[in-house]
Amino acid sequence: MNTINFTFTQKIVVAFFILLLSLNFNVYAQGIGVSNYKVYLGVGDYNNKKIIVIRQFSRAGKQFYVGINPNDISTSILSSDQIKVSPSNWQQILIGYKNTPYIKAILAAKQQSFDLQNAGIINGYPADKGIVLTIDLCPSHKPLDRIVFTSLINEFNKYEKPVPIALSITGRFMITHSEDIEWLKNLEKTGYINITWVNHTYNHHFNPKVPLKNNFLLEPGTDLNFEILGTEMALLEKDLKLSAFFRFPGLVSDHQLVEDVTNYGLIPIGSDAWLAKGQVAHNGNIVLIHGNGNEPLGIKEFSNLLQKEKSAVMNKQWLLYDLRENVEDEFENSK
């Protein structure tokens, strides 16, 4: 059982994070109190639906679970009063729920895990007329590229509201961009966008002088437990909804790392259209751009893509698709 343990440096970072939260009363009031956050595997029933439990934590003196509906891959936070959980293990869950979209997606991601880059689910449902848009928010001293979101709202809200977007978020971005996070939350609250928050690790370590095989999460000494659970705790502190999805920093991993991440109950998501790398977006693609101010070329290419498909958007022949629903559809009928 994995319980999050902090090094001295990580404790300083988390303490700073909590201090920042205290400057915003609303976030502070909602977020403080998450403790004993750990991996906990079990199964239970909620609202006549099977739930796979992957986390357990305490808040305000009560015990809570993070649950995943294996049939539609939706997540929920449930108190111990709402669900009775029977402890299990990952192998039993893989066998018992092997025919559900959630487990099928995890198994498919593990099969796509032998290259150094782009492991996991890398393309969406091929029948879709449009794309799944994923925007990475890696650590950055630059502000959020808000123009991406306002452009999406302007282009799609007449035909598709709310606009579905998957945001791959890092813990460090949340620390340094509190105003941007609140701005995004407000866009979602007012019905303009619908966000799937994808775990993109806490620190997103990167050293440009080190080969990829020893970089990002493959850097020796990386605390994967903190990188995953620390990000989830930060999301909870910000009152943001956890998802079942994970994106490797730099899309870099190896087979063992994919195994380790899926053992946390997370589905790795790659991309078959990283626009700044010159990859062209086609129907059904999982498109990747960065919205952290560090990849202007990707923003430009996405703007060009919107202009190219403007007529199709107006005729509802080119849409943005929800990541969770897309993965559910892809694996619901797969063998």
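Between beta-carbons, use under 11 Å as the cut-off and find the net charge around N36, counting Lys and Arg +1, Asp and Glu -1. Neighbourhood net charge equals +3. Binning the alpha carbon pair distances of the range 90-231 at 10 angstrom intervals from zero yields the distribution 10, 30, 34, 23, 3, expressed in whole percent.
Here the ratio of the Cα radius of gyration of the range 28-128 to 2.2 N^0.38 Å is 1.25. Using just the C-alpha positions of the range 98-332 as equal point scatterers, what log10 of I(q)/I(0) does the Debye formula give at each q in 0.08, 0.16 1/Å? Log10 of I(q)/I(0), two decimals: -0.27, -1.17.
Taking amide H as placed 1.01 Å from N in the peptide plane, W318 has its amide H under 5 Å from the amide H of V313, each at least 5 places away in sequence or on another chain. Could you state the number of Å between the C-alpha centres of the range 145-193 and the range 99-124? Cα centroid to Cα centroid, the span is 26 Å. Placing unit charges on the Cβ atoms of the charged side chains and taking the dipole of the chain about its Cα centre, the candidate lying farthest along the positive direction among M233, Y202, L116 is M233. Considering only I93, I175, I131, the mean-square fluctuation computed in a Gaussian network model of the chain, springs between alpha carbons under 10 angstrom, is largest for I93. Rounded to the nearest 20 Debye, what is the dipole magnitude of the chain about its Cα centre when Lys and Arg each give +1 and Asp and Glu each give -1 at the C-beta? Computed about the Cα centre, the dipole is about 280 debye. Considering only L288, N157, L320, and ranking their Cα positions along the charge dipole of the chain that arises from unit charges at the beta-carbon of Lys, Arg, Asp and Glu, the one farthest toward the positive end is N157. Computed about its Cα centre, the charge dipole of the range 207-335 is approximately 620 debye, with only Lys, Arg, Asp and Glu carrying charge at their Cβ. For the range 204-335, a Kirkwood hydrodynamic radius built from all Cα pairs, placed in the Stokes-Einstein relation at 10 °C and 1.306 mPa s, yields a translational diffusion coefficient of 93 µm²/s. Here the dipole of the range 85-199 is about 300 debye; that uses its Cα centre as origin and unit charges on the Cβ of Lys and Arg (positive) and Asp and Glu (negative). Straight Cα distances below 17 angstrom link K316 to the lysines K129, K158, K161, K308, with same-chain residues fewer than 8 positions distant left out.
A short reminder: the numbers here are calculations on the coordinates, not readings from a lab. This structure is a prediction, so every number in the text was calculated from the model and none was measured. As a convention, Cβ positions derive from the backbone with ideal geometry for all residues, glycine included, and neighbour counts pool all protein chains shown.
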